[in-house]
Amino acid sequence: MELSDKTILITGASSGIGAAAAMLFAQEGANLVIAARRASELEQVAGQITQSNGKAIAVVGDVTDPEFAASLVARAEEVFGGLDGAFNNVGMVGEMSPIADMANTTWHSVIETNLTSAFYAAKAQVPALQRRGGGAMVFTSSFVGTSNAGLPGMAAYAAAKAGLNGLVQSLAADHAVEGIRVNALLPGGTKTAMAGDDPATHDYISSLHPMQRMAQPVEIAQAACFLLSDRASFVTGAPLSADGGVSVRFA
């Protein structure tokens with residue numbers, strides 16, 4: 001099993017990519033600390049894992065709170081004796097509009113959720129990984145803001161994800177010598193709640209990808225599993241695309 005006996009923290013784990021990652025990582029032998037704001041959905045994911053003889057604890061809270069980021073690490077160390085890796089997966093698009101029409105609150109909430117939360121996560125997780133003698137962090141980014149795809153109405157999201165990739169590269173450079181690997185995962189269009197449930201929208205998103213389809217959440221989770229596993233032992237500071245080729249189309 002790729003993650004046998006590793007303790008992994010997952011944020012945004014109540015649905016979509018995060019929930020798929022929790023189920024997959026548990027199957028791969030990981031001890032899990034899963035986090036999200038929605039208590040009932042998060043508990044349901046944890047219950048499915050424990051009913052299948054996996055190990056998972058659910059912690060409800062908001063990743064934009066630095067104290068919550070620290071509490072997740074504390075729970076990992078308290079329950080499982082340490083932290084080996086983290087899949088910092090939380091993200092939001094926010095209300096889509098041109099900058100001139102965008103509310104200040106939208107800008108701040110998108111930046112805080114996608115970028116500032118990553119700063120809080122790294123600040124809490126790096127010392128724990130240092131205490132463990134190494135480990136891995138993966139941050140969910142996007143081809144939006146990191147390729148030549150300038151999509152209408154997504155300025156705040158694009159700015160946040162571009163900043164996130166820069167943060168990942170700096171973290172990788174700072175901590176590689178300590179055995180801590182830090183990578184960004186760039187999904188393409190994925191069938192999650194963020195993409196809505198309108199078939200016409202899904203058809204349009206699919207048409208942007210050379211594969212002519214959207215990803216299933218587990219396909220993105222598999223890429224995250226690789227980055228957190230020892231198979232990626234020489235991979236750090238990388239923006240790994242799992243996007244059905246969409247970034248190539250916009251290159």
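The values are calculated or read from the model by the stated rules, or taken from the named source; none is laboratory data. The structure displayed is predicted, hence computed values, not measured ones. For neighbour counting, all protein chains shown are included, and Cβ atoms are generated from backbone atoms with ideal geometry for every residue, glycine included.
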Quiz item: Just for the stretch 86-102: of the residues that are at negative phi, of a type in the set (Gly, Ala, Ser) and touching a residue at least 60 places away in the same chain (Cβ under 8 Å), which one is surrounded by the most Cβ atoms within 10 Å (Cβ to Cβ)?
Solution: ALA86
Practice problem: Would you point out the residue of the stretch 8-45, among those that are among the polar types (S, T, N, Q) and under 16 Å from the mean Cα position of the chain (by Cα), that is surrounded by the most Cβ atoms within 10 Å (Cβ to Cβ)? | Solution: THR11
Quiz prompt | Conditions (1) closer than 24 Å to GLY188 by Cα; (2) among the acidic types (Asp, Glu); (3) without any contact (Cβ under 8 Å) to a residue 24 or more places away in the chain; number of the one not met by GLU67 | solution = (1)
Quiz item: Considering the stretch 131-143 alone, what residues qualify as being over 14 Å from ALA76 (Cβ atoms) and surrounded by fewer than 24 Cβ atoms within 10 Å (Cβ to Cβ)?
Solution: GLY133, GLY134
Exercise. Name every residue in the stretch 30-40 that is of a type outside the set (A, V, I, L, M) and within 20 Å of ALA86 (Cα to Cα), in order of residue number.
Key: ASN31, ARG37, ARG38
Self-check item: Any pair with Cβ under 7 angstrom, 6 or more apart, that starts in the stretch 22-45 at a residue that is in contact (Cβ under 8 Å) with a residue 60 or more places away in the chain and among the charged types (D, E, K, R) and ends at one that is outside any helix (DSSP H, G or I) and surrounded by 16 or more Cβ atoms within 10 Å (Cβ to Cβ)
Solution: GLU28/GLU2; GLU28/LEU3
Practice problem: Evaluate the following for SER4: is it in contact (Cβ under 8 Å) with a residue 24 or more places away in the chain, under 27 Å from ASP230 (Cβ atoms), surrounded by fewer than 23 Cβ atoms within 10 Å (Cβ to Cβ) and small (Gly, Ala, Ser)? | Solution: yes
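Matching residues to (1) without any contact (Cβ under 8 Å) to a residue 60 or more places away in the chain; (2) surrounded by 21 or more Cβ atoms within 10 Å (Cβ to Cβ):
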site	(1), (2)
SER52	yes, no
PHE80	no, no
ASP84	no, yes
ASN104	yes, no
THR116	yes, no
Self-check item: Search result, residues across the stretch 145-159 that are in contact with a Phe, Trp or Tyr (Cβ under 6 Å, 6 or more places away or on another chain) and either surrounded by fewer than 16 Cβ atoms within 10 Å (Cβ to Cβ) or under 17 Å from SER247 (Cβ atoms) (or both)
Solution: SER147, ASN148, ALA149
Exercise. Six or more apart or on different chains, Cβ under 9 Å: which pairs go from a residue in the stretch 208-226 that's within 15 Å of ALA184 (Cα to Cα) and aromatic (Phe, Trp, Tyr) to one that's part of a helix (DSSP H, G or I) and modelled with pLDDT of 95 or more? Could you list them?
Key: PHE226/ALA232
Exercise. For the stretch 203-222, name all the residues that are outside any loop (DSSP other than H, G, I, E, B) and either in contact with a Pro (Cβ under 8 Å, 6 or more places away or on another chain) or on the phi > 0 side of the Ramachandran plot (or both).
Key: ALA215, ILE220
Exercise. Looking only at the stretch 53-68, count how many residues are more than 16 Å from VAL33 (Cβ to Cβ) and either modelled with pLDDT under 95 or within 16 Å of the chain's Cα centre (by Cα) (or both).
Key: 2
Self-check item: Qualifying position, being more than 19 Å from the chain's Cα centre (by Cα) and crowded, with 16+ Cβ neighbours inside 10 Å, among SER241, SER229, SER247, SER206
Solution: SER206
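Yes/no per residue for (1) charged (D, E, K, R); (2) closer than 30 Å to ASP5 by Cα; (3) within 17 Å of the chain's Cα centre (by Cα); (4) not in a loop (DSSP other than H, G, I, E, B):
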residue: SER71; (1), (2), (3), (4): no, yes, no, yes
residue: ALA74; (1), (2), (3), (4): no, yes, no, yes
residue: MET96; (1), (2), (3), (4): no, no, no, no
residue: THR106; (1), (2), (3), (4): no, no, no, yes
residue: ASN114; (1), (2), (3), (4): no, yes, yes, yes
residue: PHE119; (1), (2), (3), (4): no, yes, yes, yes
residue: VAL126; (1), (2), (3), (4): no, yes, yes, yes
residue: LEU129; (1), (2), (3), (4): no, yes, no, yes
